[in-house]
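**Q** The structure's right below; bear with me while I get my questions together.
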Amino acid sequence: MFLLKHNIREAEGGGIAGLFRSKRGNVLIMVCVSLTALFAFAVLAIDGAILMTAKNQLQNAADAAALAGASGLLTGSQDEAVARAVDFSSYNNAVEQDQTPVVINAGDVTFPESDVCRVRTHRTVATGDPLRTYFVRVINPGSTTSDMTAVAAARAFDVCGSKCIKPWVIPDRYNDANGNGTCDPGEYDKDVTGYRAPVDVGAQITLKVGNPHQTITPGIFFPVDFPPLDNEEGIKPYTGGSWYRQWISECEPFMIEAGDHLQLEPGNMVGPTAQGMNELIAQDPGARWDAGSQTIVNSAFALSPRIGLVPFFDPTLPPASGRNWVEVVKIGAFFIESVQGGGNVTGRFMQITTGGVPCGQGLGNSLVKGIVLIE
């Protein structure tokens, strides 16, 4: 026992005081290590939060600018796409030193494909808007900024299928070269003779015939049933005036697209047509078509509920009388204007952007367009 105590005193430089001095040294080391760790956490908590916030904000700005640019492509002009992208980017703020608008220029907007708009937003030294940080200087002395960028791309496309279709189907336009009132072989091409944008915007079209002498086939006044005959769920079409009236004033829930076969609802349906149209017009009674501006005016909505989608059928394949069917070749957009006493419904061609099924061949002259983020 004496030998053990003697060795301890010798090792510690003398007695109890030496033992306490040794422990104080250990605590000092632990405090230094802990402070270093706390400082590292502070770097992550402060600068990390700034970097993550800036990244999210720049991405939001890039997404909005890319979608706006894609909408510009729908006009057929890349210049318009650039202008819209630059404009919409600045509606978004992101961290710089403070929260400031995200400013881009024409060089930040590119077109990797004719129907795709790609946008780069930034907080970088090279673009003169670097991101202010606080602890980066510890890693890189003399630096108080970091670079951050975000990229988004959006595609514009023709819509060949959508929901919320109005329960009518009309013949596409053809060139009646011989004047016999019948669509003969060679007189119809949906992209050439058919209705298209922007040349037909504003044209008044009969969506539902009211005069029996104007029908394309006896007893066929253009009402149809939903869903399509060839729907994947195997649901039989809902028939009768009650469903027909409801889907004039409301949205039907089934996807209708080119190639679908729609069952015709025979008969003039004068009463259900008037009832459904009165309910639809009552949703936005002040709205009207302005021929000068080729737009809807006096609407109570940003997008009037009286704007509806209507499918077209191939005029070379007119339906037979009775509860027959027609094949959809494309979809058009209309401001649904009025109904006359005999059940005649008219609408004005419009070009709108909505969600739906892309046609698959890029941009053409469709009356219904879509835009979607792809990056």
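Every residue, every condition in (1) over 30 Å from Pro237 (Cβ atoms); (2) in the same structural domain as Pro237 (by TED's automatic domain parsing); (3) modelled with pLDDT of 95 or more, yes or no:
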{"position": "Thr124", "(1), (2), (3)": "yes, no, no"}
{"position": "Gly128", "(1), (2), (3)": "yes, no, no"}
{"position": "Leu131", "(1), (2), (3)": "yes, no, no"}
{"position": "Asn140", "(1), (2), (3)": "yes, no, no"}
{"position": "Thr144", "(1), (2), (3)": "yes, no, no"}
{"position": "Ala153", "(1), (2), (3)": "yes, no, yes"}
{"position": "Trp168", "(1), (2), (3)": "no, yes, yes"}
{"position": "Gly179", "(1), (2), (3)": "yes, yes, no"}
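Yes/no matrix, rows are residues, columns are (1) closer than 17 Å to Pro311 by Cβ; (2) buried (at least 23 other Cβ atoms within 10 Å of the Cβ); (3) in contact with a Phe, Trp or Tyr (Cβ under 9 Å, 6 or more places away or on another chain); (4) not assigned by TED's automatic domain parsing to the domain that holds Phe254:
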{"position": "Trp325", "(1), (2), (3), (4)": "yes, no, no, no"}
{"position": "Lys330", "(1), (2), (3), (4)": "yes, yes, yes, no"}
{"position": "Ala333", "(1), (2), (3), (4)": "yes, yes, yes, no"}
{"position": "Ser338", "(1), (2), (3), (4)": "no, no, no, no"}
{"position": "Val345", "(1), (2), (3), (4)": "yes, yes, yes, no"}
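**Q** Here is a list: Gln263, Gln246. Which entry is surrounded by 14 or more Cβ atoms within 10 Å (Cβ to Cβ), within 21 Å of Phe335 (Cβ to Cβ) and either modelled with pLDDT of 95 or more or touching a helix residue (DSSP H, G or I) at 6+ places or on another chain (Cβ under 8 Å) (or both)? Break it down stepwise before answering.
**A** On the way: Gln263 fails: within 21 Å of Phe335 (Cβ to Cβ).
The conditions single out Gln246.
**Q** Take the stretch 340-375 and flag every residue that is more than 28 Å from Phe111 (Cβ to Cβ) and part of a loop (DSSP other than H, G, I, E, B).
**A** Gln340, Gly341, Gly342, Gly343, Asn344
**Q** Right, here's the next one. Take the residues in the stretch 71-100 that are in contact with a helix residue (DSSP H, G or I) (Cβ under 7 Å, 6 or more places away or on another chain) and in contact (Cβ under 8 Å) with a residue 60 or more places away in the chain; name whichever of them is surrounded by the most Cβ atoms within 10 Å (Cβ to Cβ).
**A** Leu73
**Q** State all residues of the stretch 143-200 that are buried (at least 21 other Cβ atoms within 10 Å of the Cβ), among the acidic types (Asp, Glu) and out of contact with any Ser or Thr (no Cβ under 6 Å at 6 or more places or on another chain); if no residue qualifies, say none.
**A** The one that is buried (at least 21 other Cβ atoms within 10 Å of the Cβ), among the acidic types (Asp, Glu) and out of contact with any Ser or Thr (no Cβ under 6 Å at 6 or more places or on another chain): Asp172.
The values are calculated or read from the model by the stated rules, or taken from the named source; none is laboratory data. From a predicted model like this one, the values you see are computed outputs, not experimental measurements. Positions of Cβ are backbone-derived with ideal geometry, glycine not excepted, and every protein chain shown enters the neighbour counts.
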